[in-house]
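All remarks here apply to the structure that follows.
The values are calculated or read from the model by the stated rules, or taken from the named source; none is laboratory data. Model, not experiment: these values are computed from the prediction. Here the Cβ is made from the backbone with ideal geometry for all residues, glycine too, and neighbour counts use every protein chain on show. Each accessible area value is taken on the protein alone, full model and side chains, heavy atoms only, with ligands, DNA and RNA left out. Shrake-Rupley method; radii C 1.70, N 1.55, O 1.52, S 1.80 Å.
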Amino acid sequence: YRANSEGLNHYLLSEESRVEQLKKSIPKLVKELGESKVTAGSEVKYYQGTEGLKQMIWNVVNQKDEFLGLGYQDWNATVGKNYADKLRQKMLDNKLRSREILNEVDDSFAFTDLGKGYSQVYEHRAIDPKILLINHDTYVYGDVFAYYYHYQGEYFGVEIHNKEIARTERQMFEVLWKIAK
């Protein structure tokens, strides 16, 4: 085998040309994206894998109002304790409250290095699995209702951005909250 310097030079020129074309088209694309308007009032976003679930949880804690949810496992199980504790600390720093209904609760707060200090912003109750078996997480915040699923290596989530769906899910949560202990 021998290196073909002419072939390499041709490849380099071809790639330089392609990059120049991209440079010219990017400003137009940016302008078009900036001008585009969402016409529908609803949006659905899909997330996959551990990185997708990290983004979803970030979305949940990166807002100002209380969020509600049904919990299957704590965040450590999917995104790791370090990342989860950073998000919990963000909640404490921003005084972002959360209420969660689980089948089993851990009142020792052993799942977080923040310990019982996390209870300043996080409240949980248990519901009998005979009434409601919880096998995935849900969140309601702002105008968003989200499913977050992780089981046997399958990690995905869906956010539904729709004011009416979020309102209905929030109402159902409040009914369950009254039943939970």
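Across the stretch 105-137, what is the total count of residues that are in contact with a strand residue (DSSP E or B) (Cβ under 7 Å, 6 or more places away or on another chain), among the acidic types (Asp, Glu) and open to solvent by 30 Å² or more (accessible area, probe 1.4 Å)?
1
So which residues in the stretch 45-73 are part of a helix (DSSP H, G or I), open to solvent by less than 20 Å² (accessible area, probe 1.4 Å) and either in contact with a Pro (Cβ under 7 Å, 6 or more places away or on another chain) or among the small types (Gly, Ala, Ser) (or both), if there are any at all?
Answer for the stretch 45-73, where residues must be part of a helix (DSSP H, G or I), open to solvent by less than 20 Å² (accessible area, probe 1.4 Å) and either in contact with a Pro (Cβ under 7 Å, 6 or more places away or on another chain) or among the small types (Gly, Ala, Ser) (or both): just Gly52.
Report, ordered by the first and then the second residue, all pairs with beta carbons closer than 8 Å, sequence separation of six or more or different chains, a first member in the stretch 138-162 that is open to solvent by less than 30 Å² (accessible area, probe 1.4 Å) and modelled with pLDDT under 95, and a second member that is part of a strand (DSSP E or B) and of a type in the set (Val, Ile, Thr).
Tyr148/Thr138
Just the residues that are at pLDDT below 90 and among the hydroxyl-bearing types (Ser, Thr, Tyr), please, taken from the stretch 66-94.
Tyr72, Thr78
Within the stretch 74-181, which helices (runs of 4 or more DSSP H) (wholly inside it) include 1 or more residues that are more than 24 Å from Gln48 (Cβ to Cβ) and hydrophobic (A, V, I, L, M, F, W, C)?
81-94, 163-179
Scan the stretch 101-129 and report the pairs whose first residue is without any contact (Cβ under 8 Å) to a residue 60 or more places away in the chain and whose second residue is surrounded by 14 or more Cβ atoms within 10 Å (Cβ to Cβ) and of a type in the set (Asp, Glu), with Cβ atoms within less than 6 Å and a gap of 6+ or a chain change.
Filtered contacts from the stretch 101-129: Phe111/Asp74; Thr112/Asp85; Asp113/Asp85; His124/Glu100.
Can Leu96 be described as touching a strand residue (DSSP E or B) at 6+ places or on another chain (Cβ under 8 Å), more than 21 Å from Ile134 (Cα to Cα) and open to solvent by less than 70 Å² (accessible area, probe 1.4 Å)?
Criteria met by Leu96.
Within 23 Å of Gln171 (Cβ to Cβ), under 13 Å from the mean Cα position of the chain (by Cα) and among the hydrophobic types (A, V, I, L, M, F, W, C): is that true of Val79 in this structure?
Answer is no for this residue.
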